[in-house]
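I have placed the structure first, in the form of structure tokens, so that the comments after it can refer back to it.
The values are calculated or read from the model by the stated rules, or taken from the named source; none is laboratory data. Predicted model, so just to flag it, every value in this text is computed and none were measured. Methodologically, a virtual Cβ is constructed for each residue, glycine included, from the backbone with ideal geometry; neighbour enumeration extends over all protein chains shown.
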Amino acid sequence: MLGAFLQQVDLCSCHFSQYWIPNAHYRFTKTSYFTINGMNASRRQFPLQNCFALTVHKCQGLTLPKISLFLDNQFFAAGQAYTALSRAPSWDAVEIPSLHRSAFSVDIAILQEYERLKQKSINHPLSSSLPLEQ
């Protein structure tokens, strides 16, 4: 199985934690040995890339250079999937590891408002001079 274990030690309480990092394949180049409070310790460093996560609400109005979206059943408001997808400048900057139909929901009130506006534009005197979208 490809991966690596990350061990964390809280030196105040001597509590040890071990985490499995899947798909990790790092070459540990140097181990440093030292003593803390009379206890032998060692440290092995390996590269980690910083990343961060934003909610759809927090990123409204932002253009992000690259996005990874989990479009699954965790979306709880209509229009969130559209808002999330529209944060990227192009489709090349979008990665979708998880996709579920329930992420794409539309508010019925919005559909009714679009229909009302469409009817109003059709009945408007100038509508005959304007091309309608099919």
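If the Cβ limit is 9 Å and pairs must be 6+ apart or interchain, which residue in region 111-122 that is without any contact (Cβ under 8 Å) to a residue 12 or more places away in the chain pairs with which residue that is hydrophobic (A, V, I, L, M, F, W, C)?
Listed pairs, sorted by first residue: Lys118/Leu132; Ser121/Leu130; Ser121/Leu132; Ile122/Leu132.
Quick one: how many residues across region 81-120 are under 15 Å from Ala53 (Cβ atoms) and in a helix (DSSP H, G or I)?
Here the count works out to 1.
For the condition among the small types (Gly, Ala, Ser) and within 12 Å of the chain's Cα centre (by Cα), what is the one hit in Ala78, Ala88, Ala93, Ala103?
Working: Ala78 fails: within 12 Å of the chain's Cα centre (by Cα); Ala93 fails: within 12 Å of the chain's Cα centre (by Cα); Ala103 fails: within 12 Å of the chain's Cα centre (by Cα).
Criteria check complete, one pass: Ala88.
So, of the residues in region 49-102 that are acidic (Asp, Glu) and in contact with a strand residue (DSSP E or B) (Cβ under 9 Å, 6 or more places away or on another chain), which turns out to be surrounded by the fewest Cβ atoms within 10 Å (Cβ to Cβ)? Break it down into steps so the answer makes sense when it comes.
Within region 49-102, the subset acidic (Asp, Glu) is 72, 92, 95.
Filter once more, so that each one left must be in contact with a strand residue (DSSP E or B) (Cβ under 9 Å, 6 or more places away or on another chain): 72, 95.
On the way: Asp72: 14, Glu95: 11.
Filtering region 49-102 for residues that are acidic (Asp, Glu) and in contact with a strand residue (DSSP E or B) (Cβ under 9 Å, 6 or more places away or on another chain), the one surrounded by the fewest Cβ atoms within 10 Å (Cβ to Cβ) comes out as Glu95.
Have a look at Ser32, Ser17, Ser42, Ser13 and point out the one that is assigned to a loop (DSSP other than H, G, I, E, B), hydroxyl-bearing (Ser, Thr, Tyr) and either at pLDDT 60 or above or over 14 Å from the mean Cα position of the chain (by Cα) (or both).
From the options Ser32, Ser17, Ser42, Ser13, the qualifying one is Ser13.
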